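Have a look at the structure below before the remarks.
The values are calculated or read from the model by the stated rules, or taken from the named source; none is laboratory data. Computed from a predicted structure; not experimentally measured. Reconstructed Cβ throughout: ideal geometry from the backbone, glycine too, with neighbour counts over all protein chains shown.
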Amino acid sequence: MRKEIKKSRARIAEINTRLSEIADLLEGEKRSMNSDEQNEKDALVQEKEILQLRMERMASNEPVSEQVLRSEMAFAGAVAAFYHNRALPEGSEGIMNGNMVDIPLTRAVQDTASAAPLIPLTIGDIVQPLEKGLILDKVGCKMQTGLVGDWVLPVVAGIEATIEEENAEVSDTTIDISKIKPSPKRVSLAIPVSNRAIDQSNSALLEIVRTQMSLGLTRLLNKWMFSPAKITSKASDGCFVEAVKAPAVTTAAGAGFSWKNVIALKGSVMKTGVVFDGTAAYVCSATTYAELEATPKDAGSGLMILENGKINGYPVFMTEFVTDDYLGFGIFNYEMVGQFGKMHMIVDPYTGSKKNLVYFVLNTDFDMLSVRTEAFGVAKKTPKA
């Protein structure tokens with residue numbers, strides 16, 4: 001195993017050297033890549049990715065079951081057969097439906113009479129790393145997957161009983177369950193993979209596609225959830241969009257966030273009466289995070305506003321999608337994220353054929369909803385006049 005890791009590291013070093021040579025050549029000649037150089041670069045980058053994935057697996061010392069290996073090899077075999085216009089290899093039947101990859105993969109491998117079924121490539125295989133990529137999974141922001149119709153088990157915290165006369169009509173509670181309705185939005189992405197990478201990847205192809213798919217969807221969901229402005233008219237509001245329209249706390253003109261500001265932000269959410277739980281947290285950009293680590297709470301204690309990743313006991317998480325002028329606070333149990341129906345993946349060897357690329361095109365539906373918008377607030381820096 002050590003020999004294989006050493007060999008992979010040496011090859012990665014060679015790839016890095018060649019990529020640097022290409023960059024130096026382009027810089028020296030002050031031009032962009034031609035098609036041959038672009039194809040070479042794509043192939044080298046994806047070969048490097050394959051080697052890194054294999055090294056991570058070997059370094060983890062985690063045993064890989066025969067079923068998992070069988071599933072990965074079946075996926076790679078089915079894709080290779082499709083774009084080379086060959087018959088499906090044994091064990092790959094049921095994976096490809098025309099040029100569409102069926103998710104989940106549930107057909108049994110037919111190599112032996114006693115072969116175990118393929119490990120299903122379900123929605124969870126793709127969404128699991130997505131949930132880890134959402135920074136607030138650490139405090140309980142839940143993602144529901146494979147939904148059909150409405151949300152499952154909507155959050156109802158904060159509903160309060162009232163005292164009424166014997167025959168008085170009961171008023172609606174704060175959260176109207178009938179209005180917690182999703183409006184799924186189509187989410188799509190295309191993952192380019194070079195033909196050379198497909199030919200060389202063997203069983204690593206599934207991991208390449210899965211990794212790239214996870215990264216692409218994670219970036220979108222983080223941007224969707226945390227951006228202070230609506231990312232597109234097609235999307236529903238993220239949890240801070242409504243709050244940003246009327247910041248709960250502002251600083252003095254040109255000043256940074258003070259201890260009083262960050263505590264007042266939490267107080268602005270508390271006074272609405274929402275129920276606090278373990279999902280309450282601050283969210284900010286890396287720049288603001290660093291500023292808060294260097295900003296004293298007061299003149300004499302020597303303590304900073306942000307210490308050990310927390311402000312006044314509440315965790316602080318960084319995301320590039322909250323701009324430097326904002327600090328957000330919320331109780332993220334009130335934010336619902338859902339994926340609806342199946343994920344449909346198309347293998348397209350034609351669109352990128354001039355560049356020697358095969359595209360894996362994913363289409364699915366997502367939506368997110370703040371069950372109580374008052375559970376989220378922002379502080380905003382006031383620019384100098």
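Conditions (1) on the phi > 0 side of the Ramachandran plot; (2) of a type in the set (A, V, I, L, M, F, W, C); (3) part of a loop (DSSP other than H, G, I, E, B); (4) at pLDDT below 75, marked per residue:
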| site | (1), (2), (3), (4) |
| --- | --- |
| Leu130 | no, yes, no, yes |
| Ile159 | no, yes, yes, yes |
| Glu166 | no, no, yes, yes |
| Val170 | no, yes, yes, yes |
| Lys181 | no, no, yes, no |
| Arg186 | no, no, no, no |
| Asp199 | no, no, no, yes |
| Leu217 | no, yes, no, no |
| Leu221 | no, yes, no, no |
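Starting from residues that are more than 21 Å from Asp277 (Cα to Cα) and surrounded by 16 or more Cβ atoms within 10 Å (Cβ to Cβ), keep the ones in the range 305-337 and report whichever is modelled with the highest pLDDT. Per the criteria, the residue is Ile305. The number of residues in the range 348-385 being among the β-branched types (Val, Ile, Thr), under 27 Å from Met143 (Cα atoms) and crowded, with 20+ Cβ neighbours inside 10 Å comes to 3. Screening Leu215 on (1) farther than 30 Å from Ile50 by Cα; (2) surrounded by fewer than 17 Cβ atoms within 10 Å (Cβ to Cβ) shows it passes everything except condition (1). Where helices (runs of 4 or more DSSP H) sit wholly within the range 1-105, those with at least 3 residues that are modelled with pLDDT under 75 and crowded, with 16+ Cβ neighbours inside 10 Å occupy 35-60, 66-83. In the range 229-256, of all residues being under 26 Å from the mean Cα position of the chain (by Cα) and not in a loop (DSSP other than H, G, I, E, B), the one that is surrounded by the most Cβ atoms within 10 Å (Cβ to Cβ) corresponds to Ala243.
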